[in-house]
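The values are calculated or read from the model by the stated rules, or taken from the named source; none is laboratory data. Predicted model only: the values in this text are computed from it and were never measured. FYI the Cβ positions are ideal-geometry reconstructions off the backbone, even for glycines, and counts take in every protein chain you see.
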Amino acid sequence: MPNSSNSPPAAVARRERSAAAVGDWITTLPGVRPLGPGELRPYDARNPIGGWRLEVDFPGRKRRLDLLLVDGFPRQPPRIAVVDRPEFLAWPHVDEDGVLCLLGDHAEIDFTRPAEVASILLASAAELVEDLAATGRPADFQTEFNTYWSRAVPRRRPKVYSLLPTVQPSRLARVWRGRAFYLVGDQVEIDAWLLNRFISGVETKTEAAAVVWLQRPLLPSEFPSKPSQVFRLAEQAGAGRLLERLVCDEKGSVVIFAASTPNGPCFAAVTLVAGSRYGQPAPTADGPIPGFRPGKAPRPLLLSRLYDGGTALKSEVERADAPWVHGRGQDPRFERLRGATVAVLGCGSVGAPTALQLAGAGVGGMILVDPDTLRWANVGRHPLGAPGVGRGKAAALAEHIRSSYPHVRRVEDVDGKWPRLGDDVMRRLADCDLIVSAIGNWAAEGALNEWHHQKRNGPVVYGWTEAHACAGHAVAICPPGGCLQCGFSPDGVPNMRVTDWPAGGTLRQEPACGATYQPYGPVELGHVVSLLAETALDCLLGVIADSVRRTWVGRRALLEGAGGAWNPAWLSQAGGRESGGFVEEAAWSRAPHCVECGEPAT
């Protein structure tokens, strides 16, 4: 049996024992024989290492089935192929080489019992083939339409990315044609998407495209290959006149078919390419037609001449609209997050990854504020990496988010330092749905808290780490609950600290004035970033209604390895959880004599 050169001896021995077990079982069945090299060749794409052929009695006839052992066996299950089958796409769940789709992408098998697995799969294959021969199971083609349409698409056809809303009726849209892909949607959406995705600029010229909503998904036997078949399908859907309004030129006209399935809407694309008659070039859109003055020929007649003998080139459609990107159209939080605007103050190693997580969660609008430039010393903990070096953190991060999520509603950057931001920026911050502060400076965040208390009714979430990211906090301040100052001394020392450190501090000094740092990396920081982003989402979604503190308590081994210890006050209430590695939550209570929001002390 063939052996992969990088397979360890124990794995080779296991595979040989497993193959022998399958062989001992399958050769007890009548009419079974091993597959020769020539018979395995049609399955080369599967990397077969061996197999057997057997004949199975089905109603009305016998059919040959091949049981294949593939590279990765026994952890990879055997494959079953039907040899005596109709042409490709006549039956669902049958690949082009005849191999049956019996297991889902995430199916697991007991690799220690290979013969039993093979027996179960063979029985399932026989049951499926019998059902396919009897009924054809056309509904399966429709339920899994995207899969079967994609298999009918010629290689190297450009994919179509769709920004279209997934609702009827049929209508005209716009299509942008790039070298690598087409983009279909409304003009405003296309312009914004391309501007975000290709920051350097790109020509956004578009043409009309038709979106035809069918009553049901097409069966493979109905997949169009000629313009006349596309016109017929459009007419049956009541959208024939839409096609008359398409651009007629040598590039062809794009038609998008859409239909509903039990698993959501599906899309397919065809490009109508003009043909030629009797070896002559096809007529052009403005070419003369006998009996009509130039430009006065009826559109249907022009189209019939233009596309007589032409081709309908299939393309795969991949949804790139915001609801699909954020939850594949099934996330109930999407609309609320899409409509929200979040301001992130501080775009460093905490604020930048937090902003990226919020954008990935579907937040549609962002205002990013930071006065600093990214330096090489920041790269190890900053998601922008080397491409951002020398650029303003806010501007580079905004560009990165727009390029990564080109469907985002709006991302703006502000090169400024709180609170010196200008009246217009301050008004926009006051109006946004949430402010996330990752400034990491008590003077600035104390000033933000003062402004919040006096000027803003919405929530503000503050995030910071303790030394070496061995602990981190996310505090949501939701009026009329306690303000940020309620949990701090006037000089910025938090009332509750998880960790303690030796005298002399934890900061290191660069060979420069005021350039201090702590040497830890993004892995330690990741827990705090996720905590801050989750708290921000909970504020946007109404999960948090009153001021609250959430704290990530790192592992004790990390703390002690960095030279720290648990704070005795925190340890006294930790409840025996000294090993760390958890999140705790507590109310952020309003202090009665807070210098910011409480009654003045007497």
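For this structure, a couple of remarks:
- In segment 384-412, the residue that is nearest to the chain's Cα centre (by Cα) out of those that are crowded, with 19+ Cβ neighbours inside 10 Å and part of a loop (DSSP other than H, G, I, E, B) is Tyr405.
- Filtering segment 92-107 to residues that are closer than 19 Å to Val153 by Cβ and over 27 Å from the mean Cα position of the chain (by Cα) leaves Pro92, Val94, Glu96, Asp97.
- Checking segment 43-66 against the condition returns a match, with at least one residue being crowded, with 19+ Cβ neighbours inside 10 Å and closer than 23 Å to Pro138 by Cα.
- None of Ala359, Ala343 is hydrophobic (A, V, I, L, M, F, W, C) and outside any strand (DSSP E or B) except Ala359.
- Members of segment 417-450 found to be in a loop (DSSP other than H, G, I, E, B) and either crowded, with 23+ Cβ neighbours inside 10 Å or in contact with a helix residue (DSSP H, G or I) (Cβ under 7 Å, 6 or more places away or on another chain) (or both), listed by number: Trp418, Pro419, Asp433, Ala438, Ile439
- Some residue of segment 49-60 being more than 38 Å from the chain's Cα centre (by Cα) and in a helix (DSSP H, G or I): no
- Within segment 61-78, considering residues that are in contact (Cβ under 8 Å) with a residue 40 or more places away in the chain and in a strand (DSSP E or B), the one nearest to the chain's Cα centre (by Cα): Leu69
- In segment 516-602, counting only helices (runs of 4 or more DSSP H) that sit wholly within it, the ones holding 3 or more residues that are within 25 Å of Gly446 (Cα to Cα) span 522-540.
- Taking residues in segment 374-390 that are hydroxyl-bearing (Ser, Thr, Tyr), and partners anywhere that are assigned to a loop (DSSP other than H, G, I, E, B), not one pair has Cβ atoms closer than 8 Å while being at least 6 places apart or on different chains.
- Evaluation of Glu510 against the conditions (1) touching a strand residue (DSSP E or B) at 6+ places or on another chain (Cβ under 8 Å); (2) modelled with pLDDT of 90 or more; (3) among the charged types (D, E, K, R) shows that the sole unmet condition is (2).
- Of all the residues in segment 327-340, those that are within 15 Å of Asp433 (Cβ to Cβ), in a loop (DSSP other than H, G, I, E, B) and touching a Lys or Arg at 6+ places or on another chain (Cβ under 9 Å) number 1.
- Residues being in a loop (DSSP other than H, G, I, E, B), closer than 28 Å to Asn196 by Cα and out of contact with any Leu (no Cβ under 9 Å at 6 or more places or on another chain) - total across segment 136-181: 9
- Where a residue in segment 31-48 is under 14 Å from Ala19 (Cβ atoms) and its partner, wherever it lies, is basic (Lys, Arg), with Cβ under 7 Å and at least six apart: Leu35/Arg53
- Gly31 vs. criteria under 41 Å from the mean Cα position of the chain (by Cα) and of a type outside the set (Phe, Trp, Tyr): no
- Listed by first and then second residue, the pairs linking a residue in segment 234-249 that is on the phi > 0 side of the Ramachandran plot and in the same structural domain as Arg177 (by TED's automatic domain parsing) to a residue that is part of a loop (DSSP other than H, G, I, E, B) and at pLDDT 85 or above, with Cβ atoms under 8 Å apart and 6 or more places separating them unless they lie on different chains, are Gly238/Ser170.
- When Pro298 is tested against (1) modelled with pLDDT of 95 or more; (2) out of contact with any strand residue (DSSP E or B) (no Cβ under 7 Å at 6 or more places or on another chain), only condition (1) is not met.
- Of the criteria (1) β-branched (Val, Ile, Thr); (2) surrounded by fewer than 21 Cβ atoms within 10 Å (Cβ to Cβ); (3) at pLDDT 70 or above, which one Ile367 fails: (2)
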